[in-house]
Amino acid sequence: MANPIIQRELITTLRQPRAALIQIAFVAALAALVLAVWPDTATVNLGGRQAQQLLSVFVYGLLVGLMLMGPAFPAMAIVRERQRGTLTLLLISPLTPMSILIGKITGALGFILLLLLLSLPGAAACYAMGGISLQQLAVAYGVLALAAAQYAMLALWVSSRVKSTDGALRITYGLILLLSVIVLGPRLMTQGKDLAGITAVVLVPQQYIHAAADWLAALSPIPAVMQIVGHESVGARGLESQIDPVARYGIMAGITIVLCAIGTLLRLQPKVTDRPRDKGMVTDEQTASVRTYRRFMYLFFFDPKKRTGSIANYENPVMMKEFRTRTFGRAHWMARIIGICLIVSLILMLLATVGTMWVDIGYMGGVLVIFQMGLIILIAPAMSAALISGELESGGWTLLQMTPISARTIVVGKLLSVAWTLLLLLLATLPGYGVLLVIDEGRQGQVMDVLISLSLTAGFCLLVGAACSSVFRRTTAATSAAYMIVVGLCIVTLLPWLGEGSLFGRQVVEAILTINPLAAGLAAMHMPGMTEYQLLPANWIFLGVGSVLAALVLWLRTWELTKPQ
């Protein structure tokens, strides 16, 4: 008998207007990408260089598109059942957990594979230029399909563990960033380097460290894609390896899929919904010895069980409400996040100190820039995209309109609640720049330029997410739109950089990179590969104008929403 969940999930997904918009946008973006890099003359290189460059840009663009659009539907597959109250009914139905899992993942993968099928005309255009074999295209699509399955299963596992759709999207995109980019860091730092100093400390042979870094990087499809398009050494210093990255990625992706499937099956048991809720406790109601102990352990004001005091008259009530109700807004969560950022910053400082023996100091500074930009790209849109849409979705906006609080106070309070969080996170990751200045005092101007770029990028991402939150009435749509804008601006605009010299001229690449805040930060730090581009202050002007436009959209939409209904 056919699995009813497959029919329901796939048909429901394809009937949504958002699915049609995603398909149209996906095909339009790929078509524009192919047309942009298509030769403008009637002659092509007989060696197939132009075709290879076109294929590389096409495959990279397809991979980025799958990362952005693919996880959106599986990330909401189970959590939406929980919100609607139908998850318990589904779990006690005659369907087994395996049938539910197969139905959910097949319904989600069906849409993703449809996107891959829609990209075949673009692949045919690459093949028509010559210099590309059908085997190369088949391997490329095999890796892309495997990456789609890996991210879809990861998103489904996240969906089985969270309680809100916007939280599922935030965590899913964060894990995708971890498994696609961050895992490349250790390999980037250790490949082809003499690790005698590190091995003397950790007492582990060099070959084991290199092997661990190689297998960790195999969690990402990027090395496999680079191997397919012949970019093992282009734009990715130290990513060369004698072991086939495609086969290694197949192994690691398969392990990831199996582990996520097992984790999801464990969450699809009826007994999971029968667990009693913890009643909790309040520190103020405990004995004097318990209160004293918890005040000492939590430094007086980080105790999550302590009763919160009243909001002062000089405090913005909306900002305090956001801090106290948001998961990562409360003091103990902020302390944990800041502590994690400090630890990562200390690790980066150690790498910056030791790494100067291997690579240029500008290269280490680029790693710090990528880390901070990654935090901004991951956190800012996720937090700001729910500021207005979350209230509209829950009905809280109507209650806010009934209060004496003005619309200006509401918007400013919500923006400040995210701005303070971003500021604390950025401050927690600054010590790495202090070490760089100790090593090379002549980089003070570069560090200042980077800090300005980081501040403007944080403000831009915050306002773009808030603008999307005011335009869309559902948090999931606002979060997806904010991520597509920010990630597309920081990642997609890097694709022409890969084709510089054969597909794009120097001036065209520099003009496109001008709107990329990540490229501007790397150029300001003089990271190898970005030193020849002059992206400042043009990028600052672009971010400033974009922030003003986003703020204008936020103001207009808020003004419309505050009108009497």
Do we have any residue at all in the range 512-522 that's crowded, with 22+ Cβ neighbours inside 10 Å and at pLDDT below 85?
-> no
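Of all residues in the range 203-221, count the ones that are surrounded by fewer than 22 Cβ atoms within 10 Å (Cβ to Cβ) and at pLDDT 75 or above.
Result for the range 203-221: 6.
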Of residues in the range 71-99 being in a helix (DSSP H, G or I) and small (Gly, Ala, Ser), the one nearest to Leu156 (Cα to Cα) = Ala75
Among the residues of the range 488-500, is there at least one that is within 30 Å of Glu393 (Cα to Cα) and surrounded by fewer than 19 Cβ atoms within 10 Å (Cβ to Cβ)?
-> yes
When both residues are 6+ apart or on different chains and their Cβ atoms are under 7 Å apart, which pairs have a first residue that lies in the range 536-562 and is among the aliphatic types (A, V, I, L, M), and a second that is surrounded by 15 or more Cβ atoms within 10 Å (Cβ to Cβ) and assigned to a loop (DSSP other than H, G, I, E, B)?
-> Ala538/Thr514
Residue list for the range 429-451, restricted to those being in contact with a helix residue (DSSP H, G or I) (Cβ under 7 Å, 6 or more places away or on another chain) and closer than 21 Å to Val344 by Cα = Thr429, Pro431, Gly432, Tyr433, Val435, Leu436, Leu437, Ile439, Val447, Val450
Can you name every residue in the range 378-409 that is more than 21 Å from Ser164 (Cβ to Cβ), touching a residue at least 40 places away in the same chain (Cβ under 8 Å) and assigned to a helix (DSSP H, G or I)?
-> Gln401, Ala407, Thr409
List, please: which pairs have Cβ atoms under 6 Å, are six or more places apart or on different chains, and start with a residue in the range 1-21 that is surrounded by 12 or more Cβ atoms within 10 Å (Cβ to Cβ) and end with one that is hydrophobic (A, V, I, L, M, F, W, C)?
-> Thr13/Ala19; Thr13/Phe73; Thr13/Phe111
Quick one: which of Lys104, Lys163 is touching a residue at least 60 places away in the same chain (Cβ under 8 Å), assigned to a loop (DSSP other than H, G, I, E, B) and over 30 Å from Gln52 (Cβ atoms)?
-> Lys163
So, of the residues in the range 183-202 that are surrounded by 14 or more Cβ atoms within 10 Å (Cβ to Cβ) and outside any helix (DSSP H, G or I), which turns out to be modelled with the highest pLDDT?
-> Val183
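Kindly evaluate Arg408 against the criterion of being surrounded by fewer than 23 Cβ atoms within 10 Å (Cβ to Cβ) and over 23 Å from Ala25 (Cα atoms).
When the stated conditions are applied, Arg408 passes them.
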Pairs, first closer than 17 Å to Met69 by Cβ in the range 115-131, second surrounded by 13 or more Cβ atoms within 10 Å (Cβ to Cβ), C-beta under 6 Å, six or more apart = Leu115/Phe26; Leu118/Val27; Ser119/Leu30; Ser119/Leu62; Gly122/Leu30; Gly122/Val34; Gly122/Phe58
The range 422-511: helices (runs of 4 or more DSSP H) wholly inside it with 1 or more residues that are under 17 Å from the mean Cα position of the chain (by Cα) are 444-471, 475-490
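The values are calculated or read from the model by the stated rules, or taken from the named source; none is laboratory data. This one's a predicted model, so the numbers in the text were calculated from it and none came from an experiment. All Cβ positions, glycine included, derive from the backbone under ideal geometry; neighbour counts span all protein chains shown.
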